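*Asks:* Supplied in structure tokens, the structure appears directly below.
The values are calculated or read from the model by the stated rules, or taken from the named source; none is laboratory data. It should be emphasised that the depicted structure is a prediction, and the values quoted were computed from it without experimental measurement. Methodologically, a virtual Cβ is constructed for each residue, glycine included, from the backbone with ideal geometry; neighbour enumeration extends over all protein chains shown.
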Amino acid sequence: MSLEQETKDISIPELNVDKHVRYFKRCADLLPHHFLEMEASRMTLLQFCIGGLDILSQLETALSKDERNEIIEWIYEQQVVPGNIDNTNNQESNKGYCGFRGGPLISTITPLLKHADADQAKCGLNTTANTANCANLAATYSALATLAMLGDDFSRVNRKGIVETLRTLQKPNGSFIPHPGAVECDMRFLYSACIVSYFLNDWSGVDIDKATDYIKQCTRYDGGVTQEPYQESHGGSYFCAIASLKLMGKLDSLANKRQVLEWGLRRQIGGFQGRVNKPEDILGGHEYIHHGKAAKFVLDCQHPTGGIGKMVSNHPDPLHSYLGLVGLSYSLKHPQLRQVIPHLNLTSQTSERIHSTSVFLKP
């Protein structure tokens, strides 16, 4: 059934483009006070704000060229490059720490990873450096994605340092940790490593076979995908796993593709469940689904002042506002909505820019 047929018999609320544009601009300029605890993830929140404006076809009009350049400069200020972690010219002094921080806070707080010195030493990492001033894999992904949306050519990205860091962050089981000494390792960071490698057009920092095997280990009998082996299936890990396989050219490695597809389809109510038997919310896949129900649910979650909440009547936040628009880009025919390429999490216009200009670097 076509998108038009699925939506014609359902009362679909209007998309409040102007209010959403103002919401994303406000959050990009100054986050509400209740987001203070997410200061260390400011790079990711910025990605959602810039991405929302891009999907709404308003990035170039909502932000002046000077404002866009100012954001680009702020992003590059968060880059950790070889030799700058301990103010020396030793290019090996911060091996494994390169990429982008989540924000300036990370460079000023006391070292966070003292407990991880033994693990760092095993990896050949410098345990005497200021380990608080290290990049984060998820923030590196967000930084590169945002730079791409803003039209930057990546000419100042230290590719070598990032690729070498990826090698140190991959664990023997194929998963990735976000930074040296971290305890958490799951599908989010595997996807981050894959999309970073795609942006840099350099896969030498990822053992693709091990990463693929890890995804297989996390794929359950019912077709769902877990963050780590033997955990509960979740929509977020489901997306990260499938997108990673697509990026690595390994989709055909899944033996139970039909079950995997069906698990995702069964999560739709109007919106999508993140897990089995949980309430529907904004987060979820939007391919091969009932577009009318999906669009209505997202639009019903719009806040009167702009932004989109996780559920109906919830306050908005940048994450659900952005992902709500991602879903609408598949489910709603609207002249101002740019379609998002699922595995890249970028609009088709940004993707074309990467491939047709110097943004898509050659090894």
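*Asks:* Consider only pairs whose beta carbons are under 7 Å apart and that are at least six residues apart or on different chains; among these, list those whose first residue lies in the stretch 213-230 and is hydrophobic (A, V, I, L, M, F, W, C) and whose second residue is not in a helix (DSSP H, G or I).
*Replies:* Between residues of the stretch 213-230 that are hydrophobic (A, V, I, L, M, F, W, C) and residues that are not in a helix (DSSP H, G or I), the close pairs are Cys218/Val225; Cys218/Thr226; Cys218/Glu228; Cys218/Pro229; Val225/Thr219; Val225/Ser233.
*Asks:* Yes or no: the stretch 160-167 includes at least one residue that is part of a loop (DSSP other than H, G, I, E, B), basic (Lys, Arg), closer than 22 Å to Ser244 by Cα and at pLDDT 95 or above.
*Replies:* Step one: list which residues in the stretch 160-167 are part of a loop (DSSP other than H, G, I, E, B), which gives none.
Among the residues of the stretch 160-167, not one is part of a loop (DSSP other than H, G, I, E, B), basic (Lys, Arg), closer than 22 Å to Ser244 by Cα and at pLDDT 95 or above, which makes the answer no.
*Asks:* Report, by residue number, each residue of the stretch 168-199 that is of a type in the set (A, V, I, L, M, F, W, C) and assigned to a helix (DSSP H, G or I).
*Replies:* Here is the first cut: in the stretch 168-199, the residues of a type in the set (A, V, I, L, M, F, W, C) are 169, 176-177, 182-183, 185, 187, 189-190, 193-196, 199.
Answer for the stretch 168-199, where residues must be of a type in the set (A, V, I, L, M, F, W, C) and assigned to a helix (DSSP H, G or I): Leu169, Met187, Phe189, Leu190, Ala193, Cys194, Ile195, Val196, Phe199.
*Asks:* Give me the pairs, please: first residue somewhere in the stretch 327-351 and without any contact (Cβ under 8 Å) to a residue 24 or more places away in the chain, second residue anywhere and part of a strand (DSSP E or B), beta-carbon distance under 7 Å, and either six or more positions apart or on two chains.
*Replies:* Gln339/Thr347; Ser348/Ile341; Ser351/Ile341
*Asks:* Residue check: is Gly249 surrounded by 15 or more Cβ atoms within 10 Å (Cβ to Cβ) and at pLDDT 85 or above?
*Replies:* Values: surrounded by 15 or more Cβ atoms within 10 Å (Cβ to Cβ): no; at pLDDT 85 or above: yes.
Spelling it out, it is not the case that Gly249 is surrounded by 15 or more Cβ atoms within 10 Å (Cβ to Cβ) and at pLDDT 85 or above.
*Asks:* Answer yes or no: is there a residue in the stretch 200-214 that is assigned to a helix (DSSP H, G or I), modelled with pLDDT of 95 or more, under 23 Å from Val81 (Cα atoms) and not aromatic (Phe, Trp, Tyr). Lay out the reasoning, then the answer.
*Replies:* Within the stretch 200-214, the first condition is being assigned to a helix (DSSP H, G or I), and the residues that meet it are 200, 208-214.
Restricting the remaining residues to those that are modelled with pLDDT of 95 or more gives 208-214.
Restricting the remaining residues to those that are under 23 Å from Val81 (Cα atoms) gives none.
Looking for residues that are assigned to a helix (DSSP H, G or I), modelled with pLDDT of 95 or more, under 23 Å from Val81 (Cα atoms) and not aromatic (Phe, Trp, Tyr), one finds none in the stretch 200-214, hence no.
*Asks:* Might you check whether a residue that is out of contact with any Lys or Arg (no Cβ under 6 Å at 6 or more places or on another chain), under 23 Å from Thr350 (Cβ atoms) and modelled with pLDDT of 95 or more occurs anywhere in the stretch 175-184?
*Replies:* Among the residues of the stretch 175-184, not one is out of contact with any Lys or Arg (no Cβ under 6 Å at 6 or more places or on another chain), under 23 Å from Thr350 (Cβ atoms) and modelled with pLDDT of 95 or more, which makes the answer no.
*Asks:* Same structure, new question: For the stretch 268-307, how many residues are surrounded by 16 or more Cβ atoms within 10 Å (Cβ to Cβ), polar (S, T, N, Q) and either at pLDDT below 65 or within 21 Å of Ser237 (Cα to Cα) (or both)?
*Replies:* Going through the stretch 268-307 one residue at a time, the tally reaches 2.
*Asks:* Also: Evaluate the stretch 193-201: report whether one residue or more is farther than 16 Å from His343 by Cα and surrounded by fewer than 19 Cβ atoms within 10 Å (Cβ to Cβ).
*Replies:* no
*Asks:* Follow-up. Which of (1) modelled with pLDDT of 80 or more; (2) crowded, with 21+ Cβ neighbours inside 10 Å; (3) over 29 Å from Leu169 (Cα atoms) does Gln259 not meet, given it meets every other one?
*Replies:* Of everything listed in (1) modelled with pLDDT of 80 or more; (2) crowded, with 21+ Cβ neighbours inside 10 Å; (3) over 29 Å from Leu169 (Cα atoms), Gln259 misses just condition (2).
*Asks:* Quick one: would you say Ala135 is crowded, with 20+ Cβ neighbours inside 10 Å, aliphatic (A, V, I, L, M), assigned to a helix (DSSP H, G or I) and out of contact with any Pro (no Cβ under 6 Å at 6 or more places or on another chain)? It would help to see each step written out before you state the result.
*Replies:* On the way: crowded, with 20+ Cβ neighbours inside 10 Å: yes; aliphatic (A, V, I, L, M): yes; assigned to a helix (DSSP H, G or I): no; out of contact with any Pro (no Cβ under 6 Å at 6 or more places or on another chain): yes.
Spelling it out, it is not the case that Ala135 is crowded, with 20+ Cβ neighbours inside 10 Å, aliphatic (A, V, I, L, M), assigned to a helix (DSSP H, G or I) and out of contact with any Pro (no Cβ under 6 Å at 6 or more places or on another chain).
*Asks:* Then there's this: Tell me, yes or no, whether the stretch 151-169 has at least one residue that is surrounded by 21 or more Cβ atoms within 10 Å (Cβ to Cβ), touching a Lys or Arg at 6+ places or on another chain (Cβ under 6 Å) and small (Gly, Ala, Ser).
*Replies:* The answer is no, given that none of the residues of the stretch 151-169 is surrounded by 21 or more Cβ atoms within 10 Å (Cβ to Cβ), touching a Lys or Arg at 6+ places or on another chain (Cβ under 6 Å) and small (Gly, Ala, Ser).
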